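The values are calculated or read from the model by the stated rules, or taken from the named source; none is laboratory data. For clarity, every value in this text was computed on a predicted model and none was experimentally measured. Cβ sites come from the backbone with ideal geometry, for glycine too, and all protein chains shown count toward neighbours. Note: areas computed on protein heavy atoms with side chains; ligands, DNA, RNA excluded. Shrake-Rupley method; radii C 1.70, N 1.55, O 1.52, S 1.80 Å.
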Amino acid sequence: MTDVLMPRLSDTMEEGVLSVWRKHEGDVVHRGDVLAEIDTDKATMELEAYDEGVLARTLIEEGASVPIGTPIAVITPGGPVPDGTSEAPAPAPVAAPQPPPETVPEPPRPAPTRPPAPPPSAGLTASPLARRLAREHGVDLAAVQGSGPGGRIVRADIDAAVARTPPSAPPPSAPEPAAPPAALGADAEEVPLSRIRRLTAQRLTASAAQAPHFYLTRTVDVDALLAFRAQINNGLAEGGARVSLNDLVVKASAHALAAHPEVNSSWAGTRLLRHRRVNIGVAVALEDGLIVPVIHDADRKSITQISGEARDLAHRARTGRLSLEEITGGTFTVSNLGMYGIDQFTAVINPPEAAILAVGAAAAAPTVREGQLAVAAIMTLTLAIDHRVLDGAAGARFLADLVALLEHPLRILL
């Protein structure tokens, strides 16, 4: 008999929400089967089984939040239990009857905070995010036509189903809805916080309060970088791949971090951690918060590898399909708002990393070249630094080398 515990699925996770049970009491479980979906502080993750047997008992209701290490289910060896029972299967026939297991705690089941999900239909596939939204909006997944690969139901399908659903009229005997707080005013409405939004707020508030930020800003003449990107994309045209400006920034940052290990560091309370691997997180904005998937060993990968991986990670971040490894282990973060026309901004450090790079848009601006006024594409970089880890001079040297790489992009390939 094996207890299944709430795992630590991210480096900052303290508790997790058991979003959906994918296996149910009495189901046969094989190693690698997905038992449940867990909402962490960064993403919805799949919990896989590490043992064979039968899921004898689930100890946590869907929607409940429990600390890591809490028993959430029990798996027993042997065959399946009869349908309709929630009792653990009997031990092997040769064994004497066993007293109730003392090692299986019986934590009180938290009261469900949301309506039970409709039973899954055979063959029905849906992303974790789509399942969660369906529960929140009371959408029956069996009535939704999936538009994803192989008919998979994705977020857009749930959004469309919600939009098609007319607002339900309140029952005749229902009490009058409570008036909104006076402070909201007639033109305001409350928007409930999603879990990702709430946890993002907690993490960034803690970072801003605890890490003494300071900022260094440099402008970059990116005419050569844009020409370099065009040359690469012309060469990739037949294959349909493209490299973005941010891909080049990530690659150049990886080069610079390898040369400046003091920047590729983390604050660890009573000590500093200087990382041997260069793992760059790329901030991805979701409708309900931020997530930072990580490109591991970015300094050892080609520009096209980084480009393909970044696109794939961003896509799966928006569909809630990132693995634990893909959202942990970052040593530096790049946040780019240039595609939204933002010229310059500062970013909050993603703890426990030592720094984050905020990248603005590349836009035409006056500049001076060899003593002559000229017009060039200029991009602004702002490096936010944790002063506990780095001083201004160290950050300035890193930023100077990064600017040099971007202004002479062939060096990125060396």
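Listed values, structure above:
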read-out	value
Test: residue in the range 350-371 that is at pLDDT below 95, more than 27 Å from the chain's Cα centre (by Cα) and not in a strand (DSSP E or B)	yes
Some residue of the range 400-408 being among the acidic types (Asp, Glu), more than 20 Å from Gly360 (Cβ to Cβ) and open to solvent by 10 Å² or more (accessible area, probe 1.4 Å)	no
Extreme residue, nearest to Ala347 (Cα to Cα), among residues of the range 281-315 that are touching a helix residue (DSSP H, G or I) at 6+ places or on another chain (Cβ under 6 Å) and not hydrophobic (A, V, I, L, M, F, W, C)	Gly289
Matching residues, the range 23-71, being among the charged types (D, E, K, R) and open to solvent by less than 20 Å² (accessible area, probe 1.4 Å)	Glu37, Asp39, Asp41
Strands (runs of 3 or more DSSP E) wholly inside the range 1-76 containing at least 3 residues that are over 22 Å from the mean Cα position of the chain (by Cα), touching a residue at least 40 places away in the same chain (Cβ under 8 Å) and farther than 18 Å from Arg132 by Cα	2-5, 53-58, 71-76
Inter-residue pairs, beta-carbon under 6 Å, first within 24 Å of Ala241 (Cβ to Cβ) and in the range 309-332, second assigned to a strand (DSSP E or B), 6+ apart	Glu309/Ile295; Ala310/Val282; Ala314/Val284; Ala317/Val284; Ala317/Ile291
Entirely in the range 201-297, the strands (runs of 3 or more DSSP E) that have 3 or more residues that are at pLDDT below 95	284-286, 289-291
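Residues are listed down the side, and each one gets a yes or a no for (1) open to solvent by 60 Å² or more (accessible area, probe 1.4 Å); (2) closer than 12 Å to Ala254 by Cβ:
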site	(1), (2)
Arg271	yes, no
Val278	no, yes
Asp288	no, no
Ile291	no, no
Ile295	no, yes
Asp299	no, yes
Ile306	no, yes
